[in-house]
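A.B. asks: The structure under discussion is supplied below as structure tokens; questions concerning it will follow.
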Amino acid sequence: MALSAKEITTHYTSSLHSLGEIAWSYYYQGQLDGAMQLFERGSHLLDFPEITDLDQAQFLLKYAEFLIANYLLTNQNEDLALTTIDRAQAAARKSQDQLQQATAHYLIGQMKYYQNMHKGIQDYTEARTRLQQANKLYSDLRDTEGIAQTLFYVGLTYEREDDKQRAESHYQQALKIAREHSHKWIISEATRHLAGLMMQQDTDLALRYALESLRLRSEIGFKRALPLAHFLVSDIYALRNELDAALEQCRQGQQLAEEMGIRSAMLNGLLTMGQIQLQQGAFAEARTSFEAAYQLAQKTNIAFAIAAAQDSLAQLQTRVSEN
């Protein structure tokens, strides 16, 4: 017996939701290729007439969010990410669903932020404007997760422009809302960046924030995000001259990065290890780590990573000259 149009729509809705959920789980576990394949297969279903505008918008927005994260990690598939964001925004408008439209603005702002990072562009005004527009839409809807997330990203734009006071203010606002409503991922993000801001002022507070961020990422099963959390904790231990603890955290992060094959995380691990070796006075080992990081940064062609590796090599040369 043939299915009715309504029944077909119901099956499509269920299938798209399931594909998106499985793909997102793969992403959480650092299985980027598997997540990409599932999202690509789901996107081929979207032209069937029984699929609603809202289902199209929801799937495309989740696909776009993954592609943006993948772009951050790999500096690849920029054109696909931009095309998918455009499709998602068009679907969101067509659905006339305000939450989907707010999310489209948020993703556009997020993508512009990461494009600036990768290309070394210092003016984040355009990204911030999009994120503020999204924040206004989320506020009108009283969507606390969206409000907190966009506040956090606005803070990131200020931090990149070295406006630490405004960055901290936005992180604290995001953290307050996220704590009130148990949005654990946003708590983890805000505490991570607050830890970074506090490192030169109060290492006790910085360490508490960094350990909370690490704990929450582990608690929600976000393996992909764990390496950088370990490296941040390592950096703070190194700043406190607790080098055994710093090494242990760095090794844990490196192991996870290598397991998942995420080159940007592996690069961060090399830089973190190099800084510990530099602090130990192991200059030859530090040079090996920094040069490997520089070579990997060139392969990924990420501007801020190349600059970080170059700065580390210059720092090493200064230390060698002084000894």
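The values are calculated or read from the model by the stated rules, or taken from the named source; none is laboratory data. Please read these numbers as outputs of a predicted model, since none were measured by experiment. So basically every Cβ, Gly included, is an ideal-geometry build from the backbone, and we count neighbours across all protein chains shown.
A.B. asks: Identify all residues within region 127-160 that are free of Cβ contacts under 8 Å to residues at least 40 places away in the same chain, over 19 Å from MET198 (Cβ atoms) and among the charged types (D, E, K, R); write none if there are none.
C.D. replies: The answer is ARG128, ARG130, LYS136, ARG142.
A.B. asks: Checking the structure you have, find out if any residue of region 298-306 is of a type in the set (Gly, Ala, Ser) and closer than 21 Å to GLN115 by Cβ.
C.D. replies: yes
A.B. asks: Please pick out the residue among TYR27, TYR63, TYR71 that is at pLDDT 95 or above, in contact with an Asp or Glu (Cβ under 8 Å, 6 or more places away or on another chain), hydroxyl-bearing (Ser, Thr, Tyr) and crowded, with 19+ Cβ neighbours inside 10 Å.
C.D. replies: Answer to the check: TYR71.
A.B. asks: Any chance you could count how many residues in region 11-38 are part of a helix (DSSP H, G or I) and in contact with a Ser or Thr (Cβ under 9 Å, 6 or more places away or on another chain)?
C.D. replies: 4
A.B. asks: While we're looking at this one, here's another question. Of the residues that make up region 295-312, is at least one among the β-branched types (Val, Ile, Thr) and at pLDDT 95 or above?
C.D. replies: Within region 295-312, not a single residue is among the β-branched types (Val, Ile, Thr) and at pLDDT 95 or above.
A.B. asks: Right, GLN280: free of Cβ contacts under 8 Å to residues at least 40 places away in the same chain and more than 17 Å from GLN254 (Cβ to Cβ) or not?
C.D. replies: no
A.B. asks: Among the residues of region 248-268, is there at least one that is in a helix (DSSP H, G or I) and β-branched (Val, Ile, Thr)?
C.D. replies: Checked against the condition, which is being in a helix (DSSP H, G or I) and β-branched (Val, Ile, Thr), region 248-268 yields no hits at all.
A.B. asks: Something else: Would you mention how many residues in region 195-235 are at negative phi and either charged (D, E, K, R) or not in a helix (DSSP H, G or I) (or both)?
C.D. replies: Residues in region 195-235 being at negative phi and either charged (D, E, K, R) or not in a helix (DSSP H, G or I) (or both): 15 in total.
This table checks each residue for (1) buried (at least 21 other Cβ atoms within 10 Å of the Cβ); (2) more than 22 Å from LEU72 (Cβ to Cβ); (3) at pLDDT 95 or above.
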| position | (1), (2), (3) |
| --- | --- |
| GLN252 | no, no, yes |
| GLY274 | yes, yes, yes |
| ARG287 | no, yes, yes |
| SER321 | no, yes, no |
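A.B. asks: If you check every pair at least six apart or on different chains, which have Cβ atoms under 7 Å apart with a residue in region 195-222 that is more than 26 Å from ALA69 (Cβ to Cβ) first and a residue that is of a type in the set (Lys, Arg) second?
C.D. replies: Once the first residue is more than 26 Å from ALA69 (Cβ to Cβ) and sits in region 195-222, its partners that are of a type in the set (Lys, Arg) give THR203/ARG240.
Per-residue answers, yes or no, for (1) β-branched (Val, Ile, Thr); (2) touching a Ser or Thr at 6+ places or on another chain (Cβ under 6 Å); (3) under 21 Å from ILE8 (Cβ atoms):
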| residue | (1), (2), (3) |
| --- | --- |
| PRO49 | no, no, yes |
| THR52 | yes, no, yes |
| ALA57 | no, yes, yes |
| LYS62 | no, no, no |
| ALA69 | no, no, no |
| LEU73 | no, yes, no |
| THR83 | yes, no, no |
| ARG87 | no, no, no |
| ALA92 | no, no, no |
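A.B. asks: Regarding region 74-83, can at least one residue be identified that is closer than 28 Å to GLY269 by Cα and among the β-branched types (Val, Ile, Thr)?
C.D. replies: Within region 74-83, one or more residues are closer than 28 Å to GLY269 by Cα and among the β-branched types (Val, Ile, Thr).
A.B. asks: Considering (1) surrounded by fewer than 17 Cβ atoms within 10 Å (Cβ to Cβ); (2) more than 27 Å from ALA190 (Cβ to Cβ); (3) free of Cβ contacts under 8 Å to residues at least 40 places away in the same chain, say which one ASN301 fails and leave the rest.
C.D. replies: The one condition ASN301 does not meet is (3).
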